[in-house]
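Student: Submitted below is the structure of interest, expressed as structure tokens.
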Amino acid sequence: MIDDKKILFSGMQATGSLTLGNYLGALKNWVTLSDEYECFYSVVDLHSITVRQDPAELRKKARNLMTLYIAAGLDPVKNCIYYQSHVSGHAELAWILNCFTYMGELNRMTQFKDKSAKHADNINAGLFTYPVLMAADILLYQADVVPVGKDQLQHIEITRDIATRFNSIYGDVFTIPEPYLGKAGAKIMSLQDPTKKMSKSDENPNASIYLTDDRDTIIRKFKRAVTDSLGCIKYNEEQPGISNLIDIYRACTGMTVEEIEKEFDGKGYGDFKLAVGECVADMLTPVQTRFDELSKDKAYIDGIIKENAEKAGYYANKTLRKVQKKVGFPERVR
Ligand code: ATP
Ligand code: LTN
């Protein structure tokens, strides 16, 4: 607890351009939750280098992501928005937790299997221990909840296992975190293959809506979205493409599946795709405008980066010192 509020932690990697999946599955919920919780939102750049990055590009993308967090509506005074690499406690706690994590556990992680298949020429140890760093992120702030998309649930589960193991040896050191999944949008699928998740690393640009896409591009991509030949707008397993569009519409409008099915009863796919495209464009336009404004204000963003890194460092150090003491590291002499 901080000031009687429960603690929330989440993060995103600064790789590629953010997609509608990232927005609906994560960022949009973050904004809703930020009143209720004491929130830490990190740009997880340590995680980014598990895949080879161009340094200048990474720096630029990390800054854009930081700006986008704010443009999407996160108040940087109320929420601690910071770069993971500015708080050394993440790497320090990750090392300790590595010694409490089993190879067998990490071997079961589906993201590791997917990413090592994709980057067969660079299956580095960081990619393997990625979930331990993620556990350190969460446990460092004693987070109660972690809002993520469905694809990250396995990582939250291993975080809970590591924390429980550590606590059973050393007493109550870590809060055991719970995942938080939004009602709609927890898994937005690719517009070109609705059996695959929409991903910022997809090579086909038509598969994803990027947060930077303009209105015409958004509408064009929805028009081209892969559906089926059944001709009815119903949420079911046989129609994964249509179900995905219903999910997107639901997440944007707050309507229920039944209300949406009723609204489009008897209408064609063309009409429905256009409606989805328009509501997504309406939702993203203000975020884009704010992003452009904020990007011009270097001093303002720099100030946030500095202040929030100090705030995050303060809370991170509190947990880290406790953990170091528990495992038997010598006390610092002042
Ligand atoms: P990559 O393709 O590079 O692995 P990604 O698009 O999966 O990236 P991440 O940075 O791994 O994005 O995820 C950031 C957040 O967005 C996480 O909370 C994740 O669960 C969520 N997220 C990512 N893709 C989707 C999706 N298609 N639907 C819902 N949530 C998603
Ligand atoms: N692994 C996550 C990003 C991430 C994260 C975290 C999310 C790193 N650390 C801590 C929530 C909490 C991803 O790939 N989306």
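No value in this document is a laboratory result; all are computed from the given coordinates. Remember, it's a predicted structure, so these values are computed and weren't measured experimentally. Neighbour counts are summed over all protein chains in view; Cβ atoms, including those assigned to glycine, are modelled from backbone coordinates with ideal geometry.
Student: Evaluate 2.2 N^0.38 Å with N set to the residue count of the chain, then give the Cα radius of gyration divided by it.
Tutor: After normalising by residue count via 2.2 N^0.38 Å, the value is 1.04.
Student: Then there is this: May I ask you to derive the relative contact order of region 176-303, considering only C-alpha pairs under 8 Å and at least 6 residues apart, and to give it as an integer percent?
Tutor: The normalised contact order for region 176-303 reaches 24 percent.
Student: Using 0.36 nm times the number of residues separating LYS311 and ARG334, minus their current alpha carbon distance, what extension gain do you get?
Tutor: 6.0 nm
Student: Between ASP75 and SER168, what is the label-to-label distance in nm when each label sits 7 Å out along the Cα-to-Cβ direction?
Tutor: So the two model labels end up 4.2 nm from each other.
Student: Separate question: Please tell me the relative contact order of the chain in percent, rounded to the nearest whole number, where contacts are Cα pairs under 8 Å and at least six residues apart.
Tutor: 22
Student: Taking R0 as 35 Å, what's the FRET efficiency between VAL226 and ASN124 from their Cβ-Cβ distance, rounded to 0.05?
Tutor: The computed FRET efficiency comes out at 0.50.
Student: Sort 156-163, 62-69 by the packing proxy (mean of other Cβ within 10 Å over each peptide's residues), most packed first.
Tutor: 62-69, 156-163
Student: Could you calculate the FRET efficiency of TYR102 with LYS150 from 1/(1 + (r/R0)^6), where r is the beta carbon distance between them and R0 is 22 Å, rounded to 0.05?
Tutor: Approximately 0.35, to the nearest 0.05.
Student: Based only on Cα atoms, what Rg/Rh ratio does region 47-147 have, Rh being taken as Kirkwood's radius?
Tutor: 0.99
Student: Follow-up. Round to the nearest 10 and give me the degree value, 0 to 90, for the angle of helix 240-253's Cα axis relative to the longest principal axis of the chain.
Tutor: Once rounded, the angle reads 70 degrees.
Student: Here is a further query. Once you charge only the Cβ atoms, +1 for Lys and Arg and -1 for Asp and Glu, what is the size of the charge dipole of region 179-292 about its Cα centre, to the nearest 20 debye?
Tutor: 220
Student: With a cut-off of 12 Å, note down the residues of region 1-18 whose backbone N falls inside the zone around a label point 7 Å from the Cα of GLU57 toward its beta carbon.
Tutor: 15-17, by backbone N distance to the label point.
Student: Semi-axes of region 1-54's equivalent ellipsoid from the Cα gyration tensor, sqrt of 5 times each eigenvalue, largest first, rounded to whole Å?
Tutor: Rounded to whole Å, the semi-axes are 25, 15, 5.
Student: What Kirkwood radius, in Å to one decimal, follows from the Cα pairs of region 266-334?
Tutor: 17.2
Student: Okay, moving on. Multiply the residue gap between ASP214 and LYS234 by 0.36 nm, knock off their C-alpha separation, and tell me the result in nm, one decimal place.
Tutor: My answer for the length gained is 4.4 nm.
Student: Report the Stokes-Einstein translational diffusion coefficient (µm² s⁻¹, integer) for region 120-248, Rh taken as the Kirkwood radius over Cα pairs, at 20 °C with viscosity 1.002 mPa s.
Tutor: Rounded to a whole number, D works out at 123 µm²/s.
Student: Mind checking region 226-311 for trypsin sites (Lys or Arg not before Pro) that DSSP puts in a loop (not H, G, I, E or B) and that have at most 10 other Cβ atoms within 10 Å?
Tutor: Within region 226-311, the qualifying trypsin sites (Lys or Arg not before Pro) (loop, at most 10 other Cβ atoms within 10 Å) are LYS296.
Student: Using 28 Å as the Cα-Cα cut-off, could you pick out the over-long pairs in LYS221/LYS262; LYS118/LYS150; LYS296/LYS318; LYS61/LYS150?
Tutor: Beyond 28 Å: LYS296/LYS318.
Student: Between LYS296 and ASP271, what length comes free when the chain is fully extended (0.36 nm per residue of separation minus the Cα-Cα distance, one decimal in nm)?
Tutor: Stretched out fully, the LYS296 to ASP271 stretch lengthens by 5.2 nm.
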